[in-house]
Amino acid sequence: MMYIDIKCAIIDVCRKMVSEGYFIGTWGNVSAREGDHIILTPSRIEYDKMRPEDLVVIDLQGNILEGNRVPTSEKEVHRQIYLRRKDIRGIVHSHTEKAMSVSSMSIPSVPCVVEEMSQLLGGEIPVTDRYIPAEQHLELGLAAADAIRDKKAVILRNHGGVACGKHLAEAVLATYVMEKACGIYLNIRDQAISIIPEQYVMSEHDRYLHRYGHEIS
C-alpha cells in the first residue's frame, strides 16, 4: 500500500475534526500531496470507520492510482489548488458554522483584522464570487483555485471553508485560524473595523514564513 503513514495521518485529522465539531457526518474532506500524487479521503465513508485502504491516491491529472473507493466529491477543489500552488501540501475542507455563515454573506472577503490572519493565512480570506451547484465539481475547483491566489484559506460561496498549509498540520492550524477569524468578523462587522495595513500583512507573513522561531532577541 502506498503512503500508509500519510493515510493514517489523514484519518487522524478527520477524527480530530469530528471530535472538535469541525466535521459533521461526512461533510468535510482532507488531502495531502506527495510529489505528483494526491492522497484523498473517500466519498461518504464515516470517519470512525475509515481505514487506510479506504483512501484514494490520484495523480495531478486526476487519474486514480490506488484505491477501490470513490474519491471525495470535492476532489477538484484539492487538485486545482495543488496545480496552482506548489507550496501547499495539505488541505482541509470543512463545513463549519462561522465560515459557512460568512460564505452566505455578500462580501468579497473576510478582512484581515488579527495578526493570526496576516501571519499564517497571508491576510484576508477570499470568498468565491458565486454559488456553484453541488455537481459542478470542476467549476468549484477552478473557482477555489482562482480565488485563493497566494493565501492559505478560501471560503466557497454558500458552502464552506478550505484551509491549506505547507503540510497537513499547518492546514489544520489554518482551519482553526479561519474559523476563529470568521467568528471575530461576524461579531464586529457592524462596527468601525480596523484592518491591518497591507504593508504589515506582507511583512508579518514573510516573518512567519522565514524568520519566526529562528530569531534571537
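Of all the residues that make up region 119-142, how many are open to solvent by 20 Å² or more (accessible area, probe 1.4 Å) and either out of contact with any Phe, Trp or Tyr (no Cβ under 9 Å at 6 or more places or on another chain) or of a type in the set (Asp, Glu) (or both)?
Of region 119-142, the ones open to solvent by 20 Å² or more (accessible area, probe 1.4 Å) are 119, 124, 129-131, 133-139, 142.
Checking the rest, the ones that are also either out of contact with any Phe, Trp or Tyr (no Cβ under 9 Å at 6 or more places or on another chain) or of a type in the set (Asp, Glu) (or both) come to 124, 129-131, 133-139, 142.
Final tally of qualifying residues: 12.
Give the residue, chosen from Gly141, Gly90, Gly123, that is of a type in the set (Gly, Ala, Ser), touching a residue at least 24 places away in the same chain (Cβ under 8 Å) and under 21 Å from Met202 (Cα atoms). Walk me through how you get there before you give the answer.
Details: Gly141 fails: under 21 Å from Met202 (Cα atoms); Gly90 fails: under 21 Å from Met202 (Cα atoms).
Step by step, each of Gly141, Gly90, Gly123 is checked, and only Gly123 is of a type in the set (Gly, Ala, Ser), touching a residue at least 24 places away in the same chain (Cβ under 8 Å) and under 21 Å from Met202 (Cα atoms).
Which one is nearest to Tyr82 (Cα to Cα) among residues in region 156-182 that are part of a helix (DSSP H, G or I) and open to solvent by 10 Å² or more (accessible area, probe 1.4 Å)? Write out each step before concluding.
Filtering region 156-182 down to residues part of a helix (DSSP H, G or I) leaves 168-182.
Within this subset, residues satisfying the condition of being open to solvent by 10 Å² or more (accessible area, probe 1.4 Å) are 168-169, 172-173, 176-177, 179-180.
Numbers: Leu168: 13, Ala169: 16, Val172: 16, Leu173: 18, Tyr176: 21, Val177: 21, Glu179: 22, Lys180: 25 Å.
Out of the qualifying residues, it is Leu168.
Is it true that some residue in region 9-18 is in a loop (DSSP other than H, G, I, E, B), free of Cβ contacts under 8 Å to residues at least 60 places away in the same chain and either at negative phi or among the aromatic types (Phe, Trp, Tyr) (or both)?
Of all residues in region 9-18, those in a loop (DSSP other than H, G, I, E, B) come to none.
Taking every residue of region 9-18 in turn, none turns out to be in a loop (DSSP other than H, G, I, E, B), free of Cβ contacts under 8 Å to residues at least 60 places away in the same chain and either at negative phi or among the aromatic types (Phe, Trp, Tyr) (or both).
Search region 12-39 for residues being more than 16 Å from the chain's Cα centre (by Cα) and more than 21 Å from Glu179 (Cα to Cα), and hand back the single one that is most open to solvent (accessible area, probe 1.4 Å).
Step by step, filter region 12-39, then rank; the result is Asp36.
Going through region 68-98 one residue at a time, which ones are open to solvent by 20 Å² or more (accessible area, probe 1.4 Å), closer than 14 Å to Asn29 by Cβ and assigned to a loop (DSSP other than H, G, I, E, B)?
Arg69, Val70, Ser73, Glu74, His95
Can you spot a residue in region 187-197 that is at pLDDT 95 or above and open to solvent by less than 20 Å² (accessible area, probe 1.4 Å)?
Taking every residue of region 187-197 in turn, none turns out to be at pLDDT 95 or above and open to solvent by less than 20 Å² (accessible area, probe 1.4 Å).
Scanning for something more than 20 Å from Leu142 (Cα to Cα), open to solvent by less than 60 Å² (accessible area, probe 1.4 Å), among the β-branched types (Val, Ile, Thr) and assigned to a strand (DSSP E or B), does region 48-57 turn up at least one residue?
So the first thing to find is which residues in region 48-57 are more than 20 Å from Leu142 (Cα to Cα), and the list is 48-57.
Those still in the list that are open to solvent by less than 60 Å² (accessible area, probe 1.4 Å) too: 50, 52, 54-57.
When the remaining residues are screened for being among the β-branched types (Val, Ile, Thr), the result is 56-57.
Those left that are additionally assigned to a strand (DSSP E or B): 56-57.
Yes; the residues of region 48-57 include at least one that is more than 20 Å from Leu142 (Cα to Cα), open to solvent by less than 60 Å² (accessible area, probe 1.4 Å), among the β-branched types (Val, Ile, Thr) and assigned to a strand (DSSP E or B).
Does Ser109 count as among the polar types (S, T, N, Q), surrounded by fewer than 23 Cβ atoms within 10 Å (Cβ to Cβ) and touching a strand residue (DSSP E or B) at 6+ places or on another chain (Cβ under 8 Å)? Write out each step before concluding.
Working: among the polar types (S, T, N, Q): yes; surrounded by fewer than 23 Cβ atoms within 10 Å (Cβ to Cβ): yes; touching a strand residue (DSSP E or B) at 6+ places or on another chain (Cβ under 8 Å): yes.
Here the answer is yes, as Ser109 does meet what is asked.
The values are calculated or read from the model by the stated rules, or taken from the named source; none is laboratory data. Since this is a predicted model, take the numbers as computed values, not measurements. Note that we place each Cβ from the backbone using ideal geometry, even for glycine, and neighbour counts take in every protein chain shown. For the accessible areas, the whole protein counts, side chains as well, though only heavy atoms, and no ligand, DNA or RNA atoms are used. Shrake-Rupley method; radii C 1.70, N 1.55, O 1.52, S 1.80 Å.
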